[in-house]
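Okay, structure first, notes after.
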Amino acid sequence: MANLREFFNKISNNNRIFTREDIGNMSSNEFQENEKAIDYQLANLGVPTNSDMALSDDVVYVHSYTRDDGTKVKSHYRSISGHITGAASNMTDNSKIYLYKKGLSNFNHTQNSKYPDARDMMDISIYGPKNIQNTDNYKFISSKFNEKLSKDLNVNIPRNWDGIVYNVNSSLSKSIATSPEFLQEVVKQKSTNFSNGSFQISLNNDQNLFRSIHNATVLNPHIDKDGYFNGLIFDLYDFKKNKYIKNSEYDKSTFFNNSAYRLQELKLIKNYYTLIPIKTKLPF
């Protein structure tokens with residue numbers, strides 16, 4: 001990976017390159033200490049794996065050691081200096097963007113390896129909704145329909161945002177429909193807010209749903225003649241910066257969220273909206 005040559009991190013003020021394994025093995029305190037430096041690397045280089053580094057001539061491996069002041073330094077990789085030559089020196093901007101997005105996608109697949117819906121939604125953001133292929137789980141909606149959809153659904157869809165509509169039998173729809181937290185909220189809202197045409201939900205207990213939806217609006221909630229709850233979840237896929245909770249199990253998801261927030265601010269990932277139909281039997 002010749003593009004690793006001469007990388008310099010302006011936040012940490014050195015040429016260390018964090019790998020996916022480095023980040024995955026960090027403690028909560030290490031996350032917080034290195035967060036800005038990792039974010040800078042994400043935006044300018046991506047996050048390679050140890051295997052990528054081992055095969056590269058553009059990095060050197062530094063074994064763990066102890067400084068004179070007693071500080072222990074973990075083993076890590078550093079970029080070497082020197083001009084990029086060969087094929088990489090002729091890379092187009094599009095090729096560089098592709099490599100960056102590929103690195104970010106790899107990082108996403110590591111951080112969200114246990115959370116498939118969150119992983120897919122982040123990949124859609126990385127590559128852009130219009131560039132994804134329609135699947136049995138979801139389909140692309142062009143922004144040209146936003147004005148009509150906004151009126152039909154009585155929601156505010158950002159004018160230039162594309163969208164994704166999920167199938168009622170998709171894994172995400174089924175995960176929400178069977179979530180105890182979601183079902184409890186539906187039962188709670190049934191007597192008061194169904195008649196209002198919508199209500200707000202916040203999904204915090206299931207990490208897959210927390211990273212995928214978190215806060216959203218349930219549109220047109222109603223019980224059909226067969227006793228099933230029906231509704232349409234509307235959500236804007238965007239990121240807001242969160243605070244770390246020391247020693248919390250959410251440290252890694254907060255780190256990932258805040259990294260995505262910075263990429264969003266730099267216009268390096270795409271915001272979009274989601275429509276997720278829900279049909280489920282209520283537990284009462």
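What's the Cα-based Rg to Rh of the chain, Rh via Kirkwood? Intermediate values should be presented prior to the final figure.
Details: Rg = 22.0 Å, Rh = 21.1 Å.
Over the Cα atoms of the chain, Rg/Rh equals 1.04.
For the chain, the longest piece that avoids every one of the trypsin sites (Lys or Arg not before Pro) found in DSSP loops with at most 16 other C-beta atoms within 10 Å covers 160-224. For the listed residue pairs K151/K190; K10/K36; K36/K267, the alpha carbons are over 19 angstrom apart in K151/K190. Think of the chain as a dipole: +1 on every Lys or Arg Cβ, -1 on every Asp or Glu Cβ, centred on the Cα centre; then among L183, F256, Q207, L183 lies furthest on the positive end.
The 3J(HN,Hα) values that the Karplus relation (6.51, -1.76, 1.60; θ = phi - 60°) gives for the stretch 223-240 are, in residue order, 9, 7, 5, 8, x, 9, 6, 10, x, 10, 7, 10, 8, 9, 7, 9, 10, 10 Hz. Gly and Pro appear as x. Summing charges over all other residues whose Cβ lies under 10 Å from the Cβ of S143, with Lys and Arg as +1 and Asp and Glu as -1, gives +1.
Loop-located GluC sites (Glu not before Pro) in the stretch 162-252 (DSSP state other than H, G, I, E, B) with a sparse environment of at most 12 neighbouring Cβ atoms within 10 Å: E249. Which residues in the stretch 259-284 have a backbone N closer than 20 Å to a point placed 7 Å from the Cα of T192 along the Cα-to-Cβ line? Correct set: 283-284. Residues whose amide H lies under 5 Å from that of Y77, counting only those 5 or more places away or on a different chain, are I17, V62; hydrogens are built 1.01 Å from N in the peptide plane.
Note down the net charge around S259, summing +1 for each Lys or Arg and -1 for each Asp or Glu among other residues with Cβ under 9 Å from its Cβ.
Details: positive: R262; negative: E35, D39.
Taking every Cβ under 9 Å from that of S259, the sum is -1.
If you place +1 on the Cβ of every Lys and Arg and -1 on the Cβ of every Asp and Glu, how big does the dipole about the Cα centre of the chain come out, in debye to the nearest 20? Present the calculation step by step, with values, prior to reporting the outcome.
On the way: 35 positive and 30 negative charges, 99 e Å.
The calculation lands at about 480 debye.
Can you bin the stretch 140-226 into rounded, prolate or oblate? Criterion: square roots of the alpha carbon gyration tensor eigenvalues sorted a ≥ b ≥ c, rounded for a/c under 1.5, prolate for a/b above b/c, oblate for the rest. Cα axes put the stretch 140-226 in the oblate bin.
FYI, it's all coordinate maths here, none of it is from the lab. None of these values were measured; they are calculated from a predicted model. Cβ: placed from backbone, ideal geometry, glycine included. Neighbour counts: every protein chain shown.
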